[in-house]
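Undergrad: Handing you this structure, nothing more for now.
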Amino acid sequence: MPFARLATEIWSSLQQKKIDTKYVSSGHVMIARNEVEQEKLLAAHEIYTTAGLKVKVLSSDELKCMVPDLTSETKMGLFSKSDGQSYPFTTMTSLLKYLKEHGATVINHCEVLDFKTSNRTIEYAITEKGKFQSDAFLLCCGPWTTEVCKKLNEQVVVIPRRSQILVSEIVNKRRIHPFVTGNSLYLRQTHAGNILFGGGGSWETNGFDVSNTNYALEFLSSRLLELFPTYSHKQLIRAFAGTVELTEDHLPYFGQLNTFDNAFISGGYNGHGYGMSAVMGNLMAYSLTYQLNGRVNPIHDPILSRFSVARSKKKAGKLNV
């Protein structure tokens, strides 16, 4: 939670650098439809409050006032005013432009085949587009983390799993302002007016298959209509799928690798990588800078060490989450 709060602060400032994030401090509402979900949200409320977050418990009527199209058949909700949302597509396009304008070289669609190492140092990466030498390396490989780490004989367990998103036609009026989670999906209304909804779960396939399925179209649509029954006449205009990266304890890996002094990792964000990327990019930039300058990272212990790859299992096994 402390990292998420820092990420929110950074996201809200990126627009000043002319990075078109479409970021808005919309807040986040979590919905419980039955007593089991209500019990979980009340337990979460206690955790959030202990962490210093201002989270409000909402009645069914208060939920209806906040999200007018929401069904009245809800038990309760939680609302966090400090949360926000942005639009990944414009963010990535403008971020790449910003990086190139400030001297960065971006090489797209370039597979890492191997590494040349010496003692506790990576000398260069061997790719399908040549060799790349560097004083330090940061592995941000998402769901491919395990495979890339194997090339360095590092055991880091990250399981890839499909997640699917559906997109509705444009809803002209702003009907959903806060980011909504509940009923096994998450959803939001974009700046253009489309409703994005979907997600993943244990019912999805582990692996790198990013094709959409009829099952997901029916399952996610039915879940949406249970929350928003008046949307039954809205048209779906597209669907897409991606791959999320899961870890056994649902916490990410970041920091230095076990056996290399100039190699770092940032991965395993369990579907939250986009939101956390701002603060984690900042943290890893500092970590590499300290390493290159021969300094000890002052927050490595006891904070960052909790997310070390040292906690990963020695042998990769089946992950049940």
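Undergrad: Could you rank Phe137, Phe228 by how accessible they are, 1.4 Å probe, largest area first?
TA: Sorted by accessible area, descending: Phe137, Phe228.
Undergrad: I would also like to ask the following. Relative contact order for the range 241-302: what is it in percent, counting Cα pairs under 8 Å that are at least 6 residues apart?
TA: Relative contact order of the range 241-302: 27 percent.
Undergrad: Something else now. Can you list residues from other chains, or at least 5 along the same chain, whose modelled amide H is less than 5 Å from the amide H of Asp114?
TA: Ile126
Undergrad: How much of the DSSP beta bridge set in the chain is antiparallel, as a percent to the nearest 5?
TA: Around 90 percent of the beta bridges assigned by DSSP in the chain are antiparallel ones.
Undergrad: Also: Can you work out the Karplus-derived ³J(HN,Hα) for every residue in the range 293-300? Use 6.51 cos²θ - 1.76 cosθ + 1.60 with θ = phi - 60°, whole Hz, and x for glycine or proline.
TA: These are the phi-based 3J(HN,Hα) values: 8, x, 10, 8, 5, x, 10, 4 Hz.
Undergrad: To continue, here is another question. Would you mind calculating the relative contact order of the range 1-80 from Cα pairs under 8 angstrom and at least 6 residues apart, reporting the percent as a whole number?
TA: 33 percent
Undergrad: Tell me the label only: which of (i) 136; (ii) 277; (iii) 154 is volume of the Cα convex hull per residue in Å³ as calculated from this structure?
TA: (iii)
Undergrad: Using a 1.4 Å probe and counting only protein heavy atoms, arrange Lys54, Lys22 so the residue with the most accessible area comes first.
TA: Lys54, Lys22
Undergrad: While we're on this one: Can you compute the charge dipole magnitude of the chain about its Cα centre, using +1 on each Lys and Arg Cβ and -1 on each Asp and Glu Cβ, nothing else charged? Give it in debye, rounded to the nearest 20.
TA: 420 debye
Undergrad: With a 1.4 Å probe and every protein chain left in place, work out the accessible area per residue of the chain in Å², rounded to a whole number.
TA: It amounts to 55 Å² per residue over the chain.
Undergrad: Something else about it: For the chain, what is the calculated [θ] at 222 nm in deg cm²/dmol (nearest 500), taking -39500 (n - 2.57) for each run of four or more DSSP H residues and dividing by its residue count?
TA: -8500 deg cm²/dmol
Undergrad: Over all distinct alpha-carbon pairs, what is the Kirkwood Rh of the range 163-321 in angstrom?
TA: Across the range 163-321, the inverse of the average 1/r is 18.4 Å.
Undergrad: Working with all protein chains in place, sort Cys110, Cys140, Cys149, Cys65 by solvent-accessible area computed with a 1.4 Å probe, largest first.
TA: Cys65, Cys140, Cys110, Cys149
Undergrad: What FRET efficiency comes out for Lys100 versus Lys173 if R0 is 56 angstrom and r is the Cβ-Cβ distance? Round to the nearest 0.05.
TA: Approximately 0.90, to the nearest 0.05.
Undergrad: Where Lys and Arg each count +1 and Asp and Glu each count -1, what net charge lies around Met66 among other residues with Cβ under 12 Å from its Cβ?
TA: Around Met66, the surrounding residues sum to +1.
Undergrad: Moving on. What is the log10 of I(q)/I(0) for the range 130-184, computed with the Debye formula using one identical point scatterer on each Cα and no solvent, at q = 0.20 Å⁻¹?
TA: Taken in order of the listed q values, log10 I(q)/I(0) reads -0.89.
Undergrad: How large a share of the accessible area of the chain, in percent, is made up of carbon and sulfur atoms when the probe is 1.4 Å and the other protein chains stay in place?
TA: It is 54 percent, rounded to a whole number.
Undergrad: Restricting to Cα pairs below 8 Å that are 6+ residues apart, what does the relative contact order work out to for the chain? Please round to a whole percent.
TA: That works out to 19 percent.
Undergrad: Holding the Cα-Cα limit at 18 Å, pick out from Lys75/Lys173; Lys18/Lys54; Lys40/Lys75; Lys22/Lys64; Lys56/Lys173 the pairs that are longer than that.
TA: Lys75/Lys173; Lys18/Lys54; Lys22/Lys64; Lys56/Lys173
The values are calculated or read from the model by the stated rules, or taken from the named source; none is laboratory data. Every value quoted in this text rests on a predicted model; they were computed, and no experiment measured them. Don't worry about glycine lacking a Cβ; one is built from the backbone with ideal geometry, like all the others, and counts go over all protein chains shown. Note: areas computed on protein heavy atoms with side chains; ligands, DNA, RNA excluded. Shrake-Rupley method; radii C 1.70, N 1.55, O 1.52, S 1.80 Å.
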